[in-house]
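J.: Quick one: this structure, given as structure tokens, is what I'll be asking you about.
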Amino acid sequence: MYLQHNPWLVAWLQRKLGNRCDAADIAQDTFARLCTATRAQALQDLREPRAYLTMVAKRLLINHLERHSLEQAYLASLQLLPEPTAPSPEARAMLLETLEELDALLDELPPPVRTAFLLSQLEGLSYEDIAAQMELSVRTVTRYMAQGFRQCLRAMLEA
């Protein structure tokens, strides 16, 4: 399946990203995810393997773009700092590593929970604003936020 569909998937991702290296990485992650999540026989029985590959790759592509966006926002905020307070390259590397760990942690949350949590914590939106934007009740947003904070607390306790 890899030999048959990888060139097509890399080309499809490259059109989306405009970058062959990232496209190849995401395609590799797609097949790795399939191998760990699906039995070999189930892969052979797929009637539309490209549709399935596209679905998995789209999720990984969204995660990649979210991580890239978060990193770019962080780097842009660094540009706004006066030179004496800008973190050292080592501190910057540690912060980027922490951001990637945080992204992986939040990636374990269901997409609507992650979105609500990020709108609150990164955008500073109130629960009412999040509810309006996501077309949810404030109670649901409150429940989502509690789930996000529990996820962060679990990670802190594991560290």
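The values are calculated or read from the model by the stated rules, or taken from the named source; none is laboratory data. Treat the numbers as computed from the prediction; the structure is a model and nothing was measured. Because the Cβ atoms are built from the backbone with ideal geometry, glycine has one as well, and the counts that use them run over all protein chains shown. Keep in mind that these areas ignore ligands, DNA and RNA; they rest on the heavy atoms of the full protein, side chains included. Shrake-Rupley method; radii C 1.70, N 1.55, O 1.52, S 1.80 Å.
J.: Inspect region 60-83 for any residue being open to solvent by 90 Å² or more (accessible area, probe 1.4 Å) and in contact (Cβ under 8 Å) with a residue 12 or more places away in the chain and give the result as yes or no.
T.: Scanning region 60-83, I find at least one residue that is open to solvent by 90 Å² or more (accessible area, probe 1.4 Å) and in contact (Cβ under 8 Å) with a residue 12 or more places away in the chain, so the answer is yes.
J.: Return the total of residues in region 99-129 being small (Gly, Ala, Ser) and without any contact (Cβ under 8 Å) to a residue 12 or more places away in the chain.
T.: As a first pass, look at region 99-129 and keep what is small (Gly, Ala, Ser): 104, 116, 120, 124, 126.
Okay, now just the ones that are also without any contact (Cβ under 8 Å) to a residue 12 or more places away in the chain, so 104, 124, 126.
Going through region 99-129 one residue at a time, the tally reaches 3.
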